[in-house]
1. If you check 43, 143, 39, 50, which single one turns out to be in contact (Cβ under 8 Å) with a residue 40 or more places away in the chain and under 30 Å from residue 21 (Cβ atoms)?
2. Tell me, please, whether a residue that is part of a loop (DSSP other than H, G, I, E, B) and modelled with pLDDT under 95 can be found in the range 97-106.
3. For the subset of the range 300-311 comprising residues that are outside any strand (DSSP E or B) and in contact with a strand residue (DSSP E or B) (Cβ under 6 Å, 6 or more places away or on another chain), which member is surrounded by the fewest Cβ atoms within 10 Å (Cβ to Cβ)?
4. So which of 85, 111 ends up being surrounded by fewer than 17 Cβ atoms within 10 Å (Cβ to Cβ), within 16 Å of the ligand (Cβ to nearest atom) and either under 21 Å from the mean Cα position of the chain (by Cα) or touching a residue at least 40 places away in the same chain (Cβ under 8 Å) (or both)?
5. In this structure, does residue 314 turn out to be buried (at least 19 other Cβ atoms within 10 Å of the Cβ), at pLDDT 95 or above and under 27 Å from residue 277 (Cβ atoms)?
6. Tell me, yes or no, whether the range 155-176 has at least one residue that is part of a loop (DSSP other than H, G, I, E, B), farther than 24 Å from residue 26 by Cβ and at pLDDT 95 or above.
7. Can you tell me which residue in the range 30-57 is nearest to residue 92 (Cα to Cα), limited to those that are touching a strand residue (DSSP E or B) at 6+ places or on another chain (Cβ under 6 Å) and either part of a helix (DSSP H, G or I) or more than 16 Å from the ligand (Cβ to nearest atom) (or both)?
8. Across the range 64-82, which residue is nearest to the ligand (Cβ to nearest atom) among those that are part of a helix (DSSP H, G or I) and under 23 Å from residue 147 (Cα atoms)?
Ligand code: ASP
C-alpha cells in the first residue's frame, strides 16, 4: 500500500513539474477509465479491474509524450466503458467545448474503455463544435499486463493530437497505429489488440514511428456547423435498440414502447429487414408517434430506403451506413431538435 502511495506521489509530481515548452502544442488528456487504466494481480493473466489507475499514473508510464506536447490531465470518470452513461457523454462534450472556447488547450485526447468507444466517439463527433483535434484511445491489455498496449496507444494518440494535419477531421479514434473516423469506427474483436475497424470506409490514416499520415478524408465532418448541442443533464429521449433474428417475437418492441421509448432502432437482418411479427409491432409503434429507424446487424453496407421494405407505407426511416448503436446516438440527438420524420431522415443522410 505504502509503495502504491509513493509511486502515485512520484508520478503526480513528475507529471506536474515537467517543464512546459512554449513551442509545443498543448494537449489536454481527459481520462474516463477502461482497460487502459486497468490493473490486474498477475502480469501473465487477462483478468483485471478496468479504470483502477488515475490519469497521473497513465501519463507517468509514457514520459516521452512530454517531448511532443505540453500535456495536462483531468479525470472525468473512472469506469469500464460498459458503464459509460449519457451523463458522462454530456460531461465530456461540455468540458471539451469549454476547453476550446477558453483556449485552455489546442487538442484533447480521451482515454476510454474500448467496449463503447465507438458510441462516445460518434456522440462527441456530433456535439463538439470546434475544429480542434479530439482523439480517443484505449487499450486491450491492462497497464499491469505483459506487453501492455496502453502506453503505446496513448503516445500515438498524443502524437496524432499534436499534429496540425489532424485538425478539422472531427473526433478521431487512434488505436493499434491506425487512425479512424470516430463516426465510422466500430469494435470488431472481443480481445485482440487490433480491435477496431471502419468496415465501410477503412482507416483515415496511420501513426507509425512518430509520423502521422492521412490517406483519406471524411466527407461528413460537422464540428463548427453541428446542429446538435448538449448541456449537463440534457435529458436525451429514450431510444432503444431491438435485435432481429430468425423467428423473433415482437415482445421487446412492445415492451420498449410501453416503457416510454420515443425512438426505436431495429438491428435488422440483411438490408435492415424484419419479419411479419416485427412489421406489425413497428407499424403500431409508428402510429403511436414512435420514430422507428431501420439499421442492420450486417457488419457493413448501407440500409437502403424502399428496398425490400416499403418505408413510406410503414412510416420508418433508415440509418444509412450507421450501425445500430451509432444510429441510436444520432436518433437521440436528432429527437432533441425535432420529431419531424423527414428532417430526422435528412440527419441520417447528412451526419
Ligand atoms: N470492458 C473494458 C472497457 O470497455 C474493455 C476495454 O477497455 O478494452 O472499459
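The values are calculated or read from the model by the stated rules, or taken from the named source; none is laboratory data. Just so it is clear, the structure is predicted and the values come from calculations on it, not from any experiment. All Cβ positions, even for glycine, are placed from backbone atoms using ideal geometry, and neighbour counts span all protein chains on display.
1. On the way: 43 fails: under 30 Å from residue 21 (Cβ atoms); 39 fails: under 30 Å from residue 21 (Cβ atoms); 50 fails: under 30 Å from residue 21 (Cβ atoms).
Residue meeting the stated conditions: 143.
2. Taking the range 97-106 as the starting set, the residues that turn out to be part of a loop (DSSP other than H, G, I, E, B) are 102-106.
Filter once more, keeping what is modelled with pLDDT under 95: none.
The answer is no, given that none of the residues of the range 97-106 is part of a loop (DSSP other than H, G, I, E, B) and modelled with pLDDT under 95.
3. Applying the first criterion (outside any strand (DSSP E or B)) to the range 300-311 yields 300-302, 304-311.
Going one step further and asking which of them are in contact with a strand residue (DSSP E or B) (Cβ under 6 Å, 6 or more places away or on another chain), we end up with 302, 305, 308.
On the way: 302: 17, 305: 18, 308: 11.
My answer is 308.
4. Working: 111 fails: surrounded by fewer than 17 Cβ atoms within 10 Å (Cβ to Cβ).
Only one candidate qualifies: 85.
5. no
6. Keep residues of the range 155-176 that are part of a loop (DSSP other than H, G, I, E, B), which gives 163, 167-170, 176.
From what is left, the residues that are farther than 24 Å from residue 26 by Cβ are 176.
Restricting the remaining residues to those that are at pLDDT 95 or above gives 176.
Scanning the range 155-176, I find at least one residue that is part of a loop (DSSP other than H, G, I, E, B), farther than 24 Å from residue 26 by Cβ and at pLDDT 95 or above, so the answer is yes.
7. Among residues in the range 30-57 that are touching a strand residue (DSSP E or B) at 6+ places or on another chain (Cβ under 6 Å) and either part of a helix (DSSP H, G or I) or more than 16 Å from the ligand (Cβ to nearest atom) (or both), the one nearest to residue 92 (Cα to Cα) is 55.
8. Narrowing the range 64-82 to residues part of a helix (DSSP H, G or I): 64-67, 81-82.
Cutting the leftovers down to under 23 Å from residue 147 (Cα atoms) gives us 64-67, 81.
Values: 64: 22, 65: 20, 66: 25, 67: 27, 81: 3 Å.
For the range 64-82, the residue satisfying everything is 81.
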